[in-house]
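See structure below.
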Amino acid sequence: MPKVSKASRKKAKVAAAGTGAATGPLVDSLKQSKTELKKKEQQQQQKDDEADDAENQAMSRGQRKRLAKREQYLRREKMVMSTLKLKTLEEQKGRLDGLDAIKDALTATIVNKGRKSSAGAGADDTKTSQENEVTKTNKAKKDLAQKELTHMKLVLQHPTFQSNPFATMQQHLKNTLVQSAERQEIL
């Protein structure tokens, strides 16, 4: 049974008795349902406490302390895990559903095809496989960003791109897709 001081019991009785004077039937029914819920919770707490008391009677003081520390640790761990789960859910909200798995699968296939093509073909295929591989180190990422930046500047300066950028990109994609299709047919 939980320990309750006499002062808190008196305060609860006074608070319950003092608020019922100027209320309607709806408020009274809500208060009754609240009090019923409180009674049920108290009964459940008493049952739990009785079970804990029976267990604690068999335990020494040190065992009870260790048990209390363990319960405190588990509560903290539960809180930390729930916050981590919330963070991951927030991160996933920004992503499109399921596309990360598709991206991972695509990069894996690109790397595998790049390895096969480099083993079976000439230097041109090894260059494309190196471009398609995912960069893992910061230095490689910086080098790649620098190369792409200089390439983008050259593209922006090209007269056909300046005159009609959309058509130029379409033509580029058609050309590169035809070449990649021919490479796949060879393999």
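The values are calculated or read from the model by the stated rules, or taken from the named source; none is laboratory data. These numbers were taken from a predicted model, which means no experiment stands behind them. Reconstructed Cβ throughout: ideal geometry from the backbone, glycine too, with neighbour counts over all protein chains shown. Just so you know, the surface numbers come from the protein's heavy atoms only, side chains and all, with ligands and any DNA or RNA stripped out. Shrake-Rupley method; radii C 1.70, N 1.55, O 1.52, S 1.80 Å.
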Checklist (1) of a type in the set (Lys, Arg); (2) at pLDDT 90 or above; (3) surrounded by fewer than 11 Cβ atoms within 10 Å (Cβ to Cβ) applied to LYS174, failing item: (2)
Qualifying residue in region 126-137 (condition: modelled with pLDDT under 90, touching a helix residue (DSSP H, G or I) at 6+ places or on another chain (Cβ under 7 Å), outside any helix (DSSP H, G or I) and open to solvent by 50 Å² or more (accessible area, probe 1.4 Å)): yes
Filter result for PHE166 (open to solvent by 80 Å² or more (accessible area, probe 1.4 Å) and of a type in the set (Phe, Trp, Tyr)): yes
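Residue by residue, here is whether (1) modelled with pLDDT of 70 or more; (2) open to solvent by less than 100 Å² (accessible area, probe 1.4 Å) holds:
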site	(1), (2)
ALA17	no, yes
PRO25	no, no
LYS38	yes, no
TYR73	yes, no
So LEU149, is it out of contact with any helix residue (DSSP H, G or I) (no Cβ under 9 Å at 6 or more places or on another chain), in a helix (DSSP H, G or I), open to solvent by 80 Å² or more (accessible area, probe 1.4 Å) and at pLDDT below 90: no
